[in-house]
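The values are calculated or read from the model by the stated rules, or taken from the named source; none is laboratory data. Since the model is a prediction, treat every value here as computed from it, not as a measurement. Neighbour counts run over all protein chains shown; Cβ positions are idealised from the backbone, glycine included.
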Amino acid sequence: MLVFPPMSSRTTTVQVLKAPKTSSSVRKIFLPRTVAEMLIRWKEQQMETIEALGDEYQDFDLVIAGPLGMPTEAPSMLPSVL
């Protein structure tokens, strides 16, 4: 389980990443080649951002992250390559 740091000092809400409740909750999904290629490009861009920002970027190894590495739920934060 990973509890992410709060996004703001004015909030008590935190985001949590944890394992599924049961083994049947783990799913395999079909991933089209085009989507896989988009994710590869996104990861390359993300690595460039991590390198450029250095210690300012909090790397939680997320596929979709905000500009500084924090988790995001906002659709506007989704990468344009997707």
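Candidates in the stretch 2-27 are the residues that are in a loop (DSSP other than H, G, I, E, B) and among the hydroxyl-bearing types (Ser, Thr, Tyr); of these, the one that is nearest to GLY66 (Cα to Cα) is SER8. Among the numbered conditions (1) surrounded by 10 or more Cβ atoms within 10 Å (Cβ to Cβ); (2) without any contact (Cβ under 8 Å) to a residue 12 or more places away in the chain; (3) hydrophobic (A, V, I, L, M, F, W, C), the only one that ILE50 does not meet is (2).
In the stretch 53-82, the qualifying residues are those that are within 24 Å of MET1 (Cβ to Cβ), exposed (fewer than 10 other Cβ atoms within 10 Å of the Cβ) and charged (D, E, K, R), and the one that is modelled with the highest pLDDT is ASP61.
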